[in-house]
Amino acid sequence: MAVLTEYQWPGNVRELKRVCEQLILTAPLPVLRREDVLQVVRPAATGLGPANYDFNRGLAELVNEFEAQIIQKSPLHAERY
């Protein structure tokens, strides 16, 4: 909450909506952590930043891409190939 309340919101409510949508798609846990919010609100300042997601592609395509990335990074996947 501190990160969200301290942020200046130059894009006003539209930017807040975009940030919330990105957090829904990219946060790894059901509870938002400070670093999750910082990744979306100030990616350049944190050096973290989410992968370059194109949020216009739709949820299904983004989920498929995310799942493929997780599978490729899995230690079980590396052992097979």
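Just so it is clear, none of the values below were taken in a lab; they were calculated from the coordinates. Everything numeric in this text was worked out from a predicted model, so none of it was measured. In this analysis, Cβ positions are derived from the backbone assuming ideal geometry, glycine residues included, and neighbour counts consider all displayed protein chains.
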Can you tell me the order of 6-19, 27-40 when each peptide is scored by its average per-residue count of other Cβ atoms within 10 angstrom, highest first?
-> 27-40, 6-19
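Run the numbers for residue 42 and residue 5: contour at 0.36 nm per residue of separation, minus the present Cα-Cα distance, in nm. Show your work: numbers first, answer last.
Working: separation 37, 0.36 × 37 = 13.32 nm, distance 1.34 nm.
Length gained between residue 42 and residue 5: 12.0 nm.
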Using the beta-carbon distance between residue 16 and residue 73 and R0 = 35 Å, what value does 1/(1 + (r/R0)^6) give for FRET efficiency, to the nearest 0.05?
-> 0.65
